[in-house]
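Notes for the one structure printed next.
None of the figures in this text is laboratory data; all of them are computed from the coordinates on show. Note that the structure is predicted; figures quoted are calculated from it, not measured. Cβ sites come from the backbone with ideal geometry, for glycine too, and all protein chains shown count toward neighbours.
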Amino acid sequence: MLKYTLNFFLLITTSQLFFGCASSPFGKKSDLTKEEKIISIDGNNISKENFIYLYEKNYVNDSAYYSKESIDNYLDLFINFKLKVAEAVTLGYDTLPDFKSEYKMYLHQLEEPYLTESVFNDSLVKQAYERQKIEVNASHLLIKVDENASPEDTLAAYNKVLDIQKELQEGKAFEELAQQYSQDPSAQRNKGNLGYFTSLQMVYPFEEAAFNTEIDSVSDIIKTRFGYHLLKVHDKRERFGNLQVQHIMINSGPRDTEEHKKVAKQKVFSIYDSLQNGGDWNELCTNFSDDKRSSQNAGILPPVSEVRFPPQFLEGVSSLTEVGQISQPVQTDFGWHIIRLFKKEPVAPYETMYPSLVTKVKRDSRSQTSRKDFIKKLKRDNNYTVIEENKALAYSLVDSTYLTNEWKKSEDINVKTLKKKVFTLDDKGITINDFLEYLVEQEKETKNDDLEEVLDSHFKKYSEIVLLEVEKENLPEKYPEYKHLALEYQDGLLLFRVMEDCVWNKASQDTDALEAYYDANKDNYMWDTRAVMEIYNTGSKQLMNETIEMLDSNYYQVYPSDVSAITFKKNSSYLYKNRISDIKKSAEVLKQDASLFVLLNVEVNKGEYKSMKSKRLQKIIDQYVANGISKDRIRSNFEDGEVGTVDVKYFSTNTEDFVKQKNNNNNLSISYKEGTFVQSEIPHIDHLKLEKGRYTFEDNNRFIIVEIKDVLAPSVKSLNECKGSVIANYQEFLEEKWIDELHQKHNVVIDSVQLNSLYKKEQSI
């Protein structure tokens, strides 16, 4: 189902041209006295300002920027989007509790950066740049405490870190203490080791400590929004701006069997040996790497700075100094890696990095002062004034029972008294009643027996809450980008819900309609010419010939059991208990693998009765049958051999067993894959004809066998084979039909004067 591939934030980042308007476009009719409208839908105005904001965000790099054609194209998309949101509001989606809750959560996240005082300056950017040239390897120990925790909880966490600090001073190992005490979940596995990092990758207080603590030293206690930390610096080294590597990976995880781990290790070291002896990296990567996302691109990974690689992997990277250099195999929780240095470039010049660094620094906590300073600014900006006389009066209405959670707000307080203001902000006054109601909400038993101190604390907190709420109310007017983003979130959430019900769910859940759409459009879902193939990639000509021999016979000898012979006394066909037990063991092996069969070689020797061979054979067959093995899996042969012995040989028809056996001594001996390939994706196509048959050739010092079992002519895909594409196309069909209906249902009016003013703007660019 297509909708499940969409993440809301992805929807926003990839389709921002659809989102936003400058004022709520639906519900109340907007009064755009300051903002000129560009369109209206059902009488609800949408501003020109917001249209420009969204257009410029999406088209600034377009060669047709502000051309009439470009503006008209975007306007069509914009109107279609707004019609969908209008329909969502008509259906009442904006009143649903889950919508309100989710939108409130997004707004809370959006508000945070605006509720701190920015002290951005270029010195912070310069500091971040200089630190980008260095990377620090450090471990940490975390004791969590919430930013808004009570003083008691904060003190308890701090004291716990102090106790740990004492243990360090007494000589205990940092790694052991991190594993024992740290509340970072990864500490149990990595003993607190964070690997290498540089500036702008950690919260600023942590970064400050890391860059200012000497190697092999432990920092002072650090306070971040996560809690209290101790940090130990292991190393500092030069960092390269663009460091990129390739890898060949062999899967092997902690939960794998010991046998699998052993085979994986043997395989990766075989590949490493081959590379050391001149093996081709690209060929070995393509044929043997288990990382299928990178193996077809020479194993190239994203730049090291963009991904948090495991510490063990980064240690392997750090051992490489020259482009093309290859590391010894490195083990992580994902498996084994051979790492090759692909690109190594210095940190870009300051001027080049400046724009991106400015964005990151402004978003980072280093450019924000404390909440205390921000509250001071809000008090100044809003003319916060405490009316001390009324504040004292409010305090007098609360007695010491408040400290024991037994106080009740009196119902006999004079209404005139309750309306008196304890503090004011510009055009807003907070009354004694407001403050007393807040006290009721906050009332709980406390260990503090100083009533005035407790009331002062509540008065301070309540003042801050009111100031912040006023600031939140003013955010849309003070910060246009906040206004646009808030509405992008709102409209995006509404869009997702209405699309889900009107398009996505219909396309995936109405199976009859989907089948009808598929039947009417089958010609759009065709297979190209395909080949059913088996591909054997062998390490030598001899092995290629052995593989051909196996393919011709369709079976090969394997050695899954130590039961290799059944012995009899001379001129006797009697089976002793130990021989019956051997046959039972052999039968169990056959039961576990349906591709196996057994060949019994019965000796023909002078000195014994000729009838003895058939009697012995029958006795053995009867025992196999008695143990659940069908006769068609038992074959026999008569040849000269040791007197009284029937040799037991095992053969398999499973190609993977053949490959596994041949790779026992050298994991690179042979690789095998089979499948049905469309013509454009057929491996080794340059060496093949698209006809049934066997093809053998040498390619990059490997000997290849390709068996084309069948060539399939172009044909219509079944619905199951193309269901994802059919659903996606059916969704598009439903959406187009739905948009036509919305245009009929809702009244859209375009302000031609404002639209023409945008056309003229092209002349000034």
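In whole Hz, with x marking every Gly and Pro, tabulate ³J(HN,Hα) for segment 699-706 from phi via Karplus 6.51 cos²θ - 1.76 cosθ + 1.60, θ = phi - 60°.
8, 6, 6, 10, 10, 10, 10, 10
Evaluate the charge dipole of segment 242-346 about its Cα centre and quote only its size in Debye, nearest 20, assuming +1 on the Cβ of each Lys and Arg and -1 on the Cβ of each Asp and Glu.
120
Packing-wise, with mean Cβ within 10 Å as the measure, how do 569-580, 476-487, 328-339 rank, highest first?
328-339, 476-487, 569-580
Given R₀ = 56 Å, FRET efficiency for I52-D528 by Cβ-Cβ distance, to 0.05?
My answer for the efficiency is 0.75.
At what distance in angstrom do the alpha carbon centres of segment 201-269 and segment 428-453 lie from each other?
Segment 201-269 and segment 428-453 have Cα centres spaced 48 Å from each other.
Kindly express, to the nearest 10 degrees and within the range 0 to 90, the angle between helix 350-363's C-alpha long axis and the longest C-alpha principal axis of the chain.
70
How many nm is it between the label spots at A156 and N405, if each spot is 7 Å from the Cα in line with the beta carbon?
If labels sit at A156 and N405, their model points lie 1.5 nm apart.
Given S572, F99, N664, which one lies farthest toward the positive end of the charge dipole of the chain, if we put +1 on the Cβ of every Lys and Arg and -1 on the Cβ of every Asp and Glu?
About the Cα centre, the residue reaching furthest to the positive side is S572.
By per-residue mean of other Cβ atoms within 10 Å, what is the highest-first order of 128-137, 649-658?
Highest to lowest by the protection proxy: 128-137, 649-658.
Give K57/K84; K37/K82; K104/K723 a once-over and call out the pairs whose C-alpha atoms are over 25 Å from each other.
The pairs that break the limit, which is 25 Å between Cα atoms, are K104/K723.
Compute the semi-axes of the equivalent ellipsoid of segment 706-762, taking the square root of 5 times each eigenvalue of the Cα gyration tensor, and list them largest first in whole Å.
The equivalent ellipsoid of segment 706-762 has semi-axes of 48, 19, 7 Å.
For a test of the definition: using alpha carbon positions, the gyration tensor, and the 1.5 limit on a/c, classify segment 618-698 as rounded, prolate or oblate.
Verdict is prolate for segment 618-698.
Based on the alpha carbons, how large is the Rg to Rh ratio for segment 496-604 when Rh follows Kirkwood?
Radius of gyration over Kirkwood radius for segment 496-604 works out to 1.36.
Distance from a point 7 Å along Cα→Cβ of D280 to each backbone N in segment 340-382: keep the residues under 14 Å and list them by number.
Nothing falls inside the zone, counting backbone N under 14 Å.
With point charges of +1 on the Cβ of Lys and Arg and -1 on the Cβ of Asp and Glu, referenced to the Cα centre of the chain, which listed residue (M499, T257, V145) lies farthest in the positive direction of the dipole?
Among M499, T257, V145, the one farthest towards the positive end of the dipole of the chain is T257.
Kindly state, to the nearest 0.05, the FRET efficiency for K261 paired with V415, given R0 = 56 Å and r defined as their beta-carbon distance.
It comes out at approximately 0.10.
Positive end of the charge dipole of segment 134-238 (Lys, Arg +1 and Asp, Glu -1 on Cβ, about the Cα centre): tell me which of Q179, V233, S199 has its Cα farthest that way.
Q179
According to the square roots a ≥ b ≥ c of the eigenvalues of the Cα gyration tensor, what is the shape class of segment 116-263, taking rounded for a/c under 1.5, prolate for a/b larger than b/c otherwise, and oblate for the remainder?
Cα axes put segment 116-263 in the oblate bin.
Would you mind working out the magnitude of the charge dipole of the chain relative to its Cα centre, with +1 at each Lys and Arg C-beta and -1 at each Asp and Glu C-beta, to the nearest 20 Debye?
Dipole about the Cα centre, nearest 20: 2440 debye.
Between K461 and S217, what is the FRET efficiency for a Förster distance of 41 Å, r being their Cβ-Cβ separation, to the nearest 0.05?
So, using R0 = 41 Å, E works out to roughly 0.55.
If you line up the long axis of helix 122-132 against the longest principal axis of the chain, both from Cα atoms, how many degrees apart are they, to the nearest 10?
Between the helix axis and the principal axis of the chain, the angle is about 10 degrees.
Which pairs in the list K191/K292; K265/K292; K376/K472 are over 22 Å apart, alpha-carbon to alpha-carbon?
K191/K292
Kindly identify segment 67-145 as rounded, prolate or oblate by the Cα gyration tensor criterion: order the square roots of the eigenvalues as a ≥ b ≥ c, call it rounded if a/c is under 1.5, otherwise compare a/b with b/c, prolate if a/b is larger, else oblate.
It is oblate, given that a/c is not under 1.5 and a/b is not larger than b/c.
With viscosity set to 1.306 mPa s and temperature to 10 °C, compute the Stokes-Einstein D of the chain, Rh being the Kirkwood radius across alpha carbon pairs; µm²/s, no decimals.
46
Across bins of 10 angstrom width beginning at 0, how are the C-alpha pair distances of segment 371-477 distributed, in whole percent?
Pair shares across the bins are 13, 45, 31, 10, 1.
Rounded to whole Å, give me the distance from the Cα center of segment 397-411 to that of segment 480-523.
If you average the Cα positions of each part, the centres end up 55 Å apart.
Sort largest first and round to whole Å: the equivalent ellipsoid semi-axes of segment 224-317, each the square root of five times a Cα gyration tensor eigenvalue.
Result for segment 224-317: semi-axes of 30, 19, 13 Å.
Quote to one decimal, in nm, the extra length available between S725 and Q542 on full extension: 0.36 nm per residue of separation minus the C-alpha distance between them.
Length gained between S725 and Q542: 61.3 nm.
In degrees from 0 to 90, rounded to the nearest 10, what is the angle of the helix 258-276 Cα long axis to the longest principal axis of the chain?
90
Suppose a student asked you for the relative contact order of the chain, using Cα pairs under 8 Å spaced at least 6 residues apart; what percent would you report?
The normalised contact order for the chain reaches 16 percent.
Using +1 on the beta carbon of Lys and Arg, -1 on that of Asp and Glu, and nothing else charged, what's the dipole of segment 653-734 about the Cα centre, debye to 20?
I would put it at about 160 debye.
What list of ³J(HN,Hα) couplings, whole Hz, do you get for segment 719-732 from phi and the Karplus terms 6.51, -1.76, 1.60, once you set θ to phi - 60° and write x for glycine and proline?
Values per residue, Gly and Pro as x: 4, 5, 6, 9, 4, x, 5, 5, 4, 4, 5, 5, 4, 4 Hz.
Please compute the modelled spin-label separation between D686 and K472, points set 7 Å along Cα→Cβ, answer in nm with one decimal.
Output for this residue pair reads 6.5 nm.
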